[in-house]
Amino acid sequence: MSNKDKIPFDGLDWSDFQKKYIDALNAFNSPKPTVNSGWVNAMNDWWQFNKPETPNENMNMFENVLEQSRNFYYVSEQFTNLVDGINKLKNNNQGITDFINSKFKDIDPSVFGGNNSFNWNTLADNFEQPIELLKKTFTDSSVFSNTMFNESNPGMGKIAEQLFSAAGLGANRETQDKHKLAIKLWAKYQDNYQEDLAVKARLNKDALELMRTRILEMSAKGEDISSMRQVYDLWIDSNEKIYGEYVFTEEYSELNSRLVNSMMAFKKQSNEITEDALVSMNMPTTSSVNELARRHYELRKQVKAMQQEISNLKKELLLKNNKPVAAKNDSKSSIIKRKSKTKTNKRVAPKSSNVVQIKQDKKKLTNNVKAIKKKTKQKTKKTATDKGMIEIKF
Amino acid sequence: MNPFNIEHKDIVDEIHEFNSKLAQGFSTLSELGEIEVGVSEKEAVYHEDNLVLYHFKSRTEKQNPIPLLIVYALVNRPYMADLQDGRSMIQGLLDEGVDVYLIDWGYPDSADKFLTLDDYINGYIDNCVDVISEKHKLNKINLLGICQGGALSLCYTALHQEKVKNLITTVTPVDFHTKKDLLSHMVRELDIDQIVDASGNISGDILNATFLSLKPYTLMGQKYVDLVNILDDKEKTMNFMRMEKWIFDSPDLAGEAFREFIKMFYQQNGLVKGTVKIADDIVDLSKITVPILNIYARDDHLVPTDASKALEGCVSSKDYNSLEFPGGHIGIYVSGKAQKMIPPSVAAWLAERT
């Protein structure tokens, strides 16, 4: 690797640095350091320092890894205290059970976003992605972008109530009504969103309770946990189980639908308001672009249908061009036969029959095209020759 | 009894080891460069709008004379079936002497907003089938549908049975109202008209996040902590990154096709009820009589086995076979186990019916 390509912090062994730090503290007989003495902060500092110097297409991925590593550290920190406490109790079974119960109670308040250094919602928040993405969908393009509507506003209901009570007046009455409806829809969405968050917090709490039960069961069965990774996996499994059971309930189906539907209702309304604003500025709107896209789509289908017709006609013509040869052969044989019967009209009859044949063929061809048209209903079909590498791109 | 057989020092050591792997992993990820996917040599033989039909170069002297067209889903990208050397269903099929074609739907844009299922089934798929049939001078070819592509293939076969020799469905939902179908449960009460009217095309990111939210703690959390353990191995990390690339490479869905699919398939369960309507034609699965091989995954969290197994009761094919793969929805295409099981089974089944 050239110097240019070398990563700028190649020489920095961050983990070794951390280890030395703890070893140094141990050497000075300071109070025994614990893992919750700043692993996460140290990692954050390290990353903040190095990140700007790291142009790499895989760095988003690495940020994902770091984010989840933080959760692993959080869980480890929380349970280090628990493990230390239990270890001091030796084999006092009742004491261990009581201590686990007590410690889990300490963890509980954080489920609701308390002041503990560890917030169980940190991970859960990451799992709100569908909702976050959907929110982003409309806030970026909405006239309400960067306004109070972007954030959960506890006073939203009150504001909405005040606005709803004011009657629309004057020439802008219609616009006022649209805005009022948008606010009403937003307030409805906010209610659903808050309800969803509350449910998620409840699920986090239930998962923690399941985890406690599982640990006690393991204790009773004589099974043990020998690493923080096992603790983390247990935490993940417990959350997944509780979440998995909940999402199969009718309650979830109803809440999820209410949440998404209310969001989309607001988005639709905000789109309408945005359109009004754009129309007043004589700018293109979503509706006008949609209409163009629709016409474009129809034209594209028509072009394909016509290409198919041309292709079919070409085929028929090819057949037609080949026919005289066949007809000639046929007429030859018929002439040979006729020769034996009669010599008169030997050329006229075949000619007139050929004309009739052509007329019949034309009629047949027209009928065929009609039949194809009817059958396919503008469906696009091309021959292999035509289809070979034709690119119909708009 | 103390359930924690672990001392404070052990925890510090474990975290330290984790940190070391993380730091090492940073270097590994920095050095990976571009993540390449799609290994088998192929040639584009037909283009239409955003669609490209690929023909894969054969890897055997003798081939099954009837080509196989793979119809991929409209979500995610088809290179999942040809991810990397040794983890490619297509490569496996080629090695077994199957002549493989693949539909790549591309990335639908705003001009595709009004594409319907009729356009996809009676338009794009039918055109691809015609191209292949005429190229090989055949009246019928073999079809293999992947996930939603399987549902589209079923519709196509019901409507154009005269052009299908054998049909293979893989992890294909047929009954959308089975008990364990979480995806169906999530979308059952959604106001799809409102979503499409408000959004136009449906963002691939939203679809992707919805799939991940089916098992959020595992798929968006634990997976990355697991990754730390393999970050010191460049090859394994590269494998992980290929999958990661595929997962987040999500094309948008054409709005109208999405509207039709969710309403008719997921909400109305029209495939088993016989109410799916493509253009003016009802999709009647009971009309299907061609030989069918239905492959499903035992641990599929997206398409439960019951949802796939329902196919047997819907079709009239006397020659109906099923195959259960001991793995998940994606593992059926990319796992080592799948490479040994799926392509040889498909090739043998097709050979018997050629």
Practice prompt. Quote the total accessible area buried by chains B and A together, excluding ligands, DNA and RNA, probe 1.4 Å, nearest 100 Å².
Written response: 8600 Å²
Worksheet item: Taking Rh as the Kirkwood radius, which is the inverse of the mean 1/r over Cα pairs, what is the Rg/Rh value for chain B?
Response: 1.00
Worksheet item: Leaving out ligands, DNA and RNA but keeping every protein chain, what accessible area does A:Arg214 have, in Å² rounded to the nearest 10, with a 1.4 Å probe?
Response: 60 Å²
Worksheet item: How much solvent-accessible surface does B:Ser345 expose, in Å² to the nearest 10, with a 1.4 Å probe and all protein chains in place?
Response: 40 Å²
Worksheet entry | Complex-versus-alone comparison for the range B:27-46, residues with a loss of 20 Å² or more in accessible area, probe 1.4 Å | B:Ser27, B:Leu29, B:Ser30, B:Glu31, B:Gly33, B:Val45, B:Tyr46
Worksheet, complete the sentence: With the full set of protein chains present, the residues of the range B:168-191 whose 1.4 Å probe accessible area falls by 30 Å² or more relative to the chain alone are B:Leu182, B:His185, B:Met186, B:Glu189, B:Leu190
Item to complete: If a/c stays under 1.5 just call it rounded; otherwise compare a/b with b/c (prolate if a/b is bigger, oblate if not). Do that for the range B:28-174, with a ≥ b ≥ c from the square roots of the Cα gyration tensor eigenvalues.
Response: oblate
Worksheet item: Can you give the mean number of other chain Cβ atoms that lie within 10 Å of the Cβ atoms in peptide A:217-230?
Response: 4
Worksheet item: Under 14 Å Cα-Cα from B:Lys309, which aspartates and glutamates qualify once same-chain neighbours fewer than 8 residues away are excluded?
Response: B:Asp175, B:Asp181, B:Asp299, B:Asp300, B:Glu324
Practice prompt. Calculate the radius of gyration of the Cα atoms of the range B:175-334 to one decimal place, then report Dmax, the largest Cα-Cα distance, as a whole number, both in Å.
Written response: 18.3, 57
Fill in: Links that overshoot a 31 Å alpha carbon limit, given the list B:Lys245/B:Lys318; B:Lys62/B:Lys245; A:Lys304/B:Lys245; B:Lys277/B:Lys318
B:Lys245/B:Lys318; B:Lys62/B:Lys245; A:Lys304/B:Lys245
Response to the item:
Residue by residue through the range B:275-281, the couplings from Karplus 6.51 cos²θ - 1.76 cosθ + 1.60 with θ = phi - 60°, in Hz, x for Gly and Pro, are 10, 5, 10, 10, 6, 9, 9
Worksheet item: What shape does the range B:256-354 take by its C-alpha gyration tensor, where a ≥ b ≥ c are the square roots of the eigenvalues and a/c under 1.5 counts as rounded, a/b above b/c as prolate, and the rest as oblate?
Response: oblate
Fill in: Stretch gain in nm, segment A:Lys90-A:Asn290, where the contour uses 0.36 nm per residue and the Cα spacing is subtracted
64.8 nm
Worksheet item: What share of the DSSP beta bridges in the range B:1-156 is antiparallel, in percent to the nearest 5?
Response: 60 percent
Item to complete: May I ask you to evaluate 6.51 cos²θ - 1.76 cosθ + 1.60, the Karplus curve with θ = phi - 60°, for each residue of the range A:236-251 and list the ³J(HN,Hα) values in order in whole Hz, giving x for glycine and proline?
Response: 4, 4, 5, 5, 5, 5, 5, 4, x, 5, 5, 5, 8, 7, 5, 4
Practice prompt. Treating the Cα atoms of the range A:173-315 as identical point scatterers in vacuum, please give the log10 of the normalised Debye intensity I(q)/I(0) at q = 0.10, 0.18 Å⁻¹, two decimals.
Written response: -0.68, -1.05
Fill in: Reachable aspartates and glutamates, given that their alpha-carbon falls under 12 Å from the alpha-carbon of B:Lys340 and they are not under 8 places away in the same chain
B:Asp95, B:Glu96
Item to complete: Kindly sort A:Arg300, B:Arg188 by accessible area of their heavy atoms, largest first, with the probe set to 1.4 Å.
Response: B:Arg188, A:Arg300
Discussion item. Once ligands and nucleic acids are excluded and a 1.4 Å probe is used, how much of A:Phe49 is accessible, expressed in Å² to the nearest 10?
Written reply: 150 Å²
Item to complete: Quick one: go through the range B:160-190 and flag any residue whose amide nitrogen is under 14 Å from the point 7 Å out along the Cα-to-Cβ line of A:Glu250.
Response: B:189
Worksheet entry | Heavy-atom surface of the range B:1-158, accessible at 1.4 Å and reported per residue (Å²) | 32 Å²
Practice prompt. Using a 1.4 angstrom probe, figure out how much accessible area the range B:271-354 has per residue, in square angstrom, rounded to the nearest whole.
Written response: 42 Å²
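The values are calculated or read from the model by the stated rules, or taken from the named source; none is laboratory data. This structure is a prediction, so every number in the text was calculated from the model and none was measured. Cβ sites come from the backbone with ideal geometry, for glycine too, and all protein chains shown count toward neighbours. Note: areas computed on protein heavy atoms with side chains; ligands, DNA, RNA excluded. Shrake-Rupley method; radii C 1.70, N 1.55, O 1.52, S 1.80 Å.
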